[in-house]
Amino acid sequence: MLPKCLLTGASGGIGKAVAKQLAEKGYSLVLQGRNREKLTQLLSELPGLHEIVIGDLNNDNDRGLILSQAFKSGDPTVLINNAGVSLFSAFNHLESNEISQTIETNLTSTILFTYEFLKKLLYQKSTVMNIGSAFGAIGYPGYSIYCASKFGLKGFTEALSREFANSDIRVCYFAPRATDTNINSTNVIEMNKSLGSKIDSPDVVATELIELLEGTGLRRSVGWPEKFFARLNGVFPEIVDRALNKSLPTILKFTEGKNYE
Ligand SMILES: NC(=O)c1ccc[n+]([C@@H]2O[C@H](COP(=O)([O-])OP(=O)(O)OC[C@H]3O[C@@H](n4cnc5c(N)ncnc54)[C@H](OP(=O)(O)O)[C@@H]3O)[C@@H](O)[C@H]2O)c1
């Protein structure tokens, strides 16, 4: 029998595509989001029986309620931490609350939710998949805070995965590149076009995510050349410095008019 799967951020672009493909394969799903209407609509489009849970992952009380509800009718043994926010702006024009909310959503709340999930499961056989980003391996101008959150998430995932290496708990990391969802502002879409960056469809990303989930690997990145650049950045960051420096004038044009004057 396929495991029950708790998917956060199910109402978003990638979340919906993952939910549809998992439901078609016969997984039983608990779909988390903050918007009941969006989740109810998604539920009506899925084959099979699934549940929705509403709550804000940044709220301590909500996280507890989400988990209580998710565990009510059988333990989910797969957690996909997909909920996230993006932030694209010149650093000197960020508001301090934008900084703290991005780190909170993408990193702190994901760590706390994983901690609370594994405790609830009493550390039984399970899989946790964290959704990172190509920007969790490549520091990118205009994305300093988003990069900080996703680099942090990648480090957390890797350390935890190694800590549980001799247990039944598998912790893996999945890193999409730019994907066609509402997380990307018009500026980001225009910038990607100007730079000729490839943009994946959520369906393609969902298929790759599920391949990682159903395989035995611990990490996967989507798409060339980002996959290659991520590795290159780890070994020869100076080469990536030079490549990004060439794109910098274009990138700065799109940081919401928030260029360094
Ligand atoms: N799209 C890309 O270009 C791209 C590239 C690389 C990585 N990713 C990563 O992929 C994941 C999914 O992104 P997406 O593109 O599908 O974005 P999206 O369409 O904006 O969806 C984001 C999802 O996260 C949920 N969410 C955000 N903050 C939350 C909070 N505090 N509590 C509960 N739920 C919250 C949203 O719920 P509501 O509906 O309630 O707002 C929504 O379901 C993210 O982790 C993102 O960083 C995306």
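The values are calculated or read from the model by the stated rules, or taken from the named source; none is laboratory data. Computed from a prediction, not measured in an experiment: that's the story for all the values here. Heads up, the Cβs are rebuilt from the backbone with ideal geometry, glycines too, and the neighbour counts pull from every protein chain shown. The accessibility values were calculated without ligands, DNA or RNA, using every heavy atom of the protein model including side chains. Shrake-Rupley method; radii C 1.70, N 1.55, O 1.52, S 1.80 Å.
Data for the structure
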read-out	value
Test: residue in the range 41-57 that is open to solvent by 40 Å² or more (accessible area, probe 1.4 Å), within 13 Å of the ligand (Cβ to nearest atom) and either at positive phi or in a loop (DSSP other than H, G, I, E, B) (or both)	yes
Some residue of the range 249-256 being open to solvent by 70 Å² or more (accessible area, probe 1.4 Å) and outside any helix (DSSP H, G or I)	yes
The range 132-178, residues that are outside any helix (DSSP H, G or I), within 16 Å of the ligand (Cβ to nearest atom) and open to solvent by 40 Å² or more (accessible area, probe 1.4 Å)	Gly139
Residue in the range 205-220 that is nearest to Lys4 (Cα to Cα), counting only those that are among the β-branched types (Val, Ile, Thr) and more than 12 Å from the ligand (Cβ to nearest atom)	Ile210
Out of Lys72, Lys20, Lys25, sole residue that is within 20 Å of the chain's Cα centre (by Cα), away from the ligand (no atom under 12 Å from the Cβ) and open to solvent by 20 Å² or more (accessible area, probe 1.4 Å)	Lys20
Failed item in (1) open to solvent by 50 Å² or more (accessible area, probe 1.4 Å); (2) more than 30 Å from Pro3 (Cβ to Cβ), with Ile111 passing the rest	(2)
For Leu65: the one exception among (1) open to solvent by 10 Å² or more (accessible area, probe 1.4 Å); (2) in a helix (DSSP H, G or I); (3) near the ligand (Cβ under 10 Å from one of its atoms)	(3)
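Residue by residue, here is whether (1) closer than 30 Å to Ser185 by Cβ; (2) not aliphatic (A, V, I, L, M) holds:
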| residue | (1), (2) |
| --- | --- |
| Met1 | no, no |
| Ser11 | yes, yes |
| Ile14 | yes, no |
| Lys20 | yes, yes |
| Lys25 | no, yes |
| Asn35 | yes, yes |
| Leu39 | yes, no |
| Leu46 | yes, no |
